[in-house]
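Shown next, in structure tokens, is the structure this report addresses.
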Amino acid sequence: MPNTPQTLRLGILGMGAIGTLMAWHWRQHSVCVLGRTPGTSCHRQLTLLDQTTQTLTLPSWQDEALDWLVVTTKATQTLDALAPWQGQLKQVKRLLLLQNGMGQQKEVEQWLQHHQLTCDVWLGISTEGAFRSSSEQVIYAGEGQTVIGPIQAQYASSVTLPPRLQRVDNIQQRQRDKLAINAILNPLTGHLRCHNGELVNNPDYQPQLIALATEVQSLYQHIGWYQDSPSVPNLIERSQQVATATARNKSSTLQDILAERPTELPYICGYLLDIAQQHDSWPMPITQRLYRELQLVP
């Protein structure tokens, strides 16, 4: 929906690539950061698509009321990142989880209920391309779309969204669609240490993509997740299209492995393996093998 001239009060938890990019998109509003050290401002250099570089300096959150708190940390870090701010979250109207993977959403809902916090929970998916070239330098690599939607349908439809965000009614199905693609590209590129496009262009890699896509599609068909999704019944074709469109990209899993960071695979492969176990112990041997291997990577 279109935004009104209202100035929104926005907080960002997780000033990585996507957090930095969103802060730039929202620079005409009142934006603050929730850092590891309260009271510390955040400085970032952002190289835009036209190759110009902009400097962002964002103040620390001072516990003022927020229209939106946007979480862009890794899924594995969500609750640890929120916990230090528990006492101040009563000042937050809406919490937007703009992350990869699934499973952390339910964890956040349960955590909020446990602490009697009433902020509305929204979910988001972004195809914006951005990556960090250093601790304070972010490269805007490709323009994309960011869609969001509430977990609970009764949340007001008249809510003013931050710039560049589009509300959709089927956000959970869209998350399942993206999860399917991530469950193919992320573990394979991490295993093969390759860019996305090589999964299609390398004749040794393409059969592995087809086999894994077939496995993920079979699970989605078995549990009924494909019925409302146009992409999943053609998951082999769709995963090849995404790999080709993002040919020069390194998946987030590969970036994490190369930087020796924990990956988000527990909320991608791990989540699918849990779902498969809950549905007749549906076999996922390729996913299981890749997940075990990559969880052991130092």
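The values are calculated or read from the model by the stated rules, or taken from the named source; none is laboratory data. The structure presented is a predicted model; accordingly, all values stated were derived computationally and were not measured. No Cβ is skipped: glycine too gets one built from the backbone with ideal geometry, and neighbour counts run over all protein chains shown.
Hey, can you tell me all the residues within the range 251-271 that are among the charged types (D, E, K, R) and either buried (at least 20 other Cβ atoms within 10 Å of the Cβ) or in contact with a helix residue (DSSP H, G or I) (Cβ under 7 Å, 6 or more places away or on another chain) (or both)?
Just the residues of the range 251-271 that are among the charged types (D, E, K, R), to begin with: 256, 260-261, 264.
Passing the criteria: Asp256, Glu264.
Of the strands (runs of 3 or more DSSP E) lying entirely inside the range 55-140, the ones with 1 or more residues being at pLDDT below 95 are found at 120-126, 129-132.
Looking at Leu254, Leu199, which is the one that is over 19 Å from the mean Cα position of the chain (by Cα) and under 28 Å from Arg132 (Cα atoms)?
Working: Leu254 fails: over 19 Å from the mean Cα position of the chain (by Cα).
On inspection, the qualifying residue turns out to be Leu199.
Taking the residues in the range 199-212 that are touching a Ser or Thr at 6+ places or on another chain (Cβ under 8 Å) and either touching a residue at least 40 places away in the same chain (Cβ under 8 Å) or not assigned by TED's automatic domain parsing to the domain that holds Gln255 (or both) as candidates, determine which candidate is surrounded by the most Cβ atoms within 10 Å (Cβ to Cβ).
Initially, the range 199-212 is screened for residues touching a Ser or Thr at 6+ places or on another chain (Cβ under 8 Å), giving 199-200, 209, 212.
Subsequent filtering for residues that are either touching a residue at least 40 places away in the same chain (Cβ under 8 Å) or not assigned by TED's automatic domain parsing to the domain that holds Gln255 (or both) retains 199-200, 212.
Working: Leu199: 27, Val200: 17, Leu212: 24.
The residue in question is Leu199.
Which one of the conditions (1) in a strand (DSSP E or B); (2) surrounded by 15 or more Cβ atoms within 10 Å (Cβ to Cβ); (3) over 13 Å from the mean Cα position of the chain (by Cα) does Leu161 fail to meet, given that it meets all the rest? Of the numbered conditions (1) in a strand (DSSP E or B); (2) surrounded by 15 or more Cβ atoms within 10 Å (Cβ to Cβ); (3) over 13 Å from the mean Cα position of the chain (by Cα), the odd one out for Leu161 is (1).
Yes or no, residue by residue, for (1) assigned by TED's automatic domain parsing to the domain that holds Leu179; (2) in contact with a helix residue (DSSP H, G or I) (Cβ under 7 Å, 6 or more places away or on another chain); (3) under 18 Å from Arg44 (Cβ atoms):
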{"site": "Glu107", "(1), (2), (3)": "no, yes, no"}
{"site": "Trp111", "(1), (2), (3)": "no, yes, no"}
{"site": "Leu117", "(1), (2), (3)": "no, yes, no"}
{"site": "Val121", "(1), (2), (3)": "no, yes, no"}
{"site": "Ile125", "(1), (2), (3)": "no, yes, no"}
{"site": "Glu128", "(1), (2), (3)": "no, yes, yes"}
{"site": "Ile139", "(1), (2), (3)": "no, no, yes"}
{"site": "Thr146", "(1), (2), (3)": "no, no, no"}
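For the range 233-250, give me the residue count where each residue is of a type in the set (S, T, N, Q) and at pLDDT 90 or above. Selection size over the range 233-250: 4. Annotation for the range 69-87: no member residue is in contact with a strand residue (DSSP E or B) (Cβ under 9 Å, 6 or more places away or on another chain) and more than 29 Å from Thr263 (Cβ to Cβ).
Of the residues making up the range 108-147, those that are among the acidic types (Asp, Glu) and closer than 30 Å to Asn196 by Cβ are Glu128, Glu136, Glu143.
Looking at Asn186, is it within 24 Å of Asn170 (Cα to Cα), touching a residue at least 40 places away in the same chain (Cβ under 8 Å) and not in a loop (DSSP other than H, G, I, E, B)? Steps first, answer last, please.
Details: within 24 Å of Asn170 (Cα to Cα): yes; touching a residue at least 40 places away in the same chain (Cβ under 8 Å): yes; not in a loop (DSSP other than H, G, I, E, B): yes.
Spelling it out, Asn186 is indeed within 24 Å of Asn170 (Cα to Cα), touching a residue at least 40 places away in the same chain (Cβ under 8 Å) and not in a loop (DSSP other than H, G, I, E, B).
The condition of being touching a residue at least 60 places away in the same chain (Cβ under 8 Å) and either surrounded by fewer than 19 Cβ atoms within 10 Å (Cβ to Cβ) or of a type outside the set (Phe, Trp, Tyr) (or both) does not hold for Glu107. Restricting Asp169, Asp177 to those that are assigned to a loop (DSSP other than H, G, I, E, B) and over 30 Å from Asp50 (Cα atoms) reduces the list to Asp169.
Provide a single number: the residues in the range 152-173 that are more than 18 Å from Leu66 (Cβ to Cβ), touching a Lys or Arg at 6+ places or on another chain (Cβ under 9 Å) and not polar (S, T, N, Q). Of the residues in that region, 1 qualify.
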